[in-house]
1. Could you say whether any residue in segment 289-300 is of a type in the set (A, V, I, L, M) and either closer than 23 Å to P349 by Cβ or at pLDDT below 90 (or both)?
2. Please verify whether A17 is at pLDDT below 90 and part of a helix (DSSP H, G or I), treating the condition exactly as stated.
3. Testing L185 on (1) at pLDDT 95 or above; (2) within 21 Å of the chain's Cα centre (by Cα), one condition comes back false. Which one is that?
4. Which pairs have Cβ atoms under 9 Å, sit 6 or more apart or on different chains, and link a residue in segment 352-367 that is over 23 Å from A227 (Cβ atoms) and part of a loop (DSSP other than H, G, I, E, B) to one that is acidic (D, E) and open to solvent by less than 20 Å² (accessible area, probe 1.4 Å)?
5. Check whether at least one residue in segment 96-107 is without any contact (Cβ under 8 Å) to a residue 40 or more places away in the chain, out of contact with any helix residue (DSSP H, G or I) (no Cβ under 7 Å at 6 or more places or on another chain) and within 24 Å of E224 (Cβ to Cβ), and report yes or no.
6. Considering each of R220, R208 in turn, give the residue that is modelled with pLDDT of 95 or more and open to solvent by 40 Å² or more (accessible area, probe 1.4 Å).
7. Which residue, of V62, V123, V74, is more than 24 Å from D30 (Cβ to Cβ) and of a type outside the set (D, E, K, R)?
8. Among the helices (runs of 4 or more DSSP H) confined wholly to segment 231-345, which include 2 or more residues that are open to solvent by less than 30 Å² (accessible area, probe 1.4 Å), touching a residue at least 40 places away in the same chain (Cβ under 8 Å) and within 25 Å of V170 (Cβ to Cβ)?
Amino acid sequence: MTGEELNQDALFEQGMARLSELLGPAWRIDRRTDGKEAHRSGGDIIVTMHAKGESSYAHLLVDVKLAGVSPRIVEETLLAKLDLLRQLNQYTTLLLLTPWLSRPTQRLLRKHDISYLDLMGNVSLRIPRPAIVIHTEGAMRAPQALATEPRKATLAGPKAGRLVRLLTDVRPPYRAGELAQASRLSLGYVSRLLDTLEDQLLIRRDGRVITSVDWPNLLRTRAEREALLRKGSYVGLLAPNGIPSVISRIRHLPPSGLSNIAVTGTHAAHTVAPLSAGGQLMAYVSPLLDEDDLVDELGLIPVDENANVLLLRARDRSVFERTETVKGIPHVALSQVALDCLAGPGRMPAEGEAVIEYMKDHQDLWQISRIHDLLTTPQP
């Protein structure tokens, strides 16, 4: 046997042991004796699940994949296998077994009713007869041993955030070179990240032209790689006269101050998707502003606990791009509001989803129709 076959066998044994734990002692899992040859040729193994003391049983076609499985692989490989399986035997369930699956891949698998199990605790198994439904959520990120290769761009970091915003805010078609120019990022980096996004089915291309962007899932996937309130990324403050007083003071800042502060989070989300009242006031502050002077000007008091105002330190100037003025107050663009809420604590992710729903219904109000309009507009 080759090392790869031994690794596949080890992965299969670990996966079946995990499945056996989830099912409990009332079930037995048997591997078909003729499944080994199929396993050697393509990584497919047929197993039978028996309920002890019952005549009912279920068949699983286990697709063992050592390498990472992207949404693109699901669409191009697994859907064809699922279609063939359903034509041959509608009572056999396709189960993908792999070391780790990303959240976008899991969502796509569930959408097409493909069961999955990874070794990081992510499991979805739905069998109609006998009725078995198992769903667990494990690690959101790949373990270090499965980390993405160094040359492959990921959706983490400020540069990725800048490109995600651009892909969301501007309607395709466009090319990598245009995106690089508009985002002020290197063409090599943009090209690598676009390859990653295409692999995750977050963009579609015709040749070198990007023809469509799945911006709702692009925002969700980006938010999964970020945390809004990272350590050292904000300062917590108390507004002794209440948040309305702070908002009024922001409104009366000089132009130099207004151009370097922008409200985000719950208060920005409420303008388009008011789920509930209250919540902390969050605003990005540019390094160009003196933080201590701004705190004094807004009448705020630094506190370690129970802050009702958070000043966020912008990691990248792009958070201020395409801001809007709402009742005299600068707000970040809706795409940034959605990202920040999705990556925030408590009820904020639900607010982010509500913002995305608003964006879907009012796309003509916020999305730029041509990238040429950005390229011909001076950038801040």
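1. yes
2. Details: at pLDDT below 90: no; part of a helix (DSSP H, G or I): yes.
No.
3. Going through the list (1) at pLDDT 95 or above; (2) within 21 Å of the chain's Cα centre (by Cα), L185 breaks only (2).
4. Q367/D169
5. Looking for residues that are without any contact (Cβ under 8 Å) to a residue 40 or more places away in the chain, out of contact with any helix residue (DSSP H, G or I) (no Cβ under 7 Å at 6 or more places or on another chain) and within 24 Å of E224 (Cβ to Cβ), one finds at least one in segment 96-107, hence yes.
6. Numbers: R208 fails: modelled with pLDDT of 95 or more.
The unique qualifying residue is R220.
7. Working: V62 fails: more than 24 Å from D30 (Cβ to Cβ); V123 fails: more than 24 Å from D30 (Cβ to Cβ).
Checking each option against the conditions leaves just V74.
8. 265-269, 334-342
The values are calculated or read from the model by the stated rules, or taken from the named source; none is laboratory data. Computed from a prediction, not measured in an experiment: that's the story for all the values here. Using ideal geometry, Cβ is built from the backbone for each residue, glycine included, and neighbour counts are taken over all protein chains shown. Accessible surface is based on the protein model in full, side chains and every heavy atom, while ligands, DNA and RNA are left aside. Shrake-Rupley method; radii C 1.70, N 1.55, O 1.52, S 1.80 Å.
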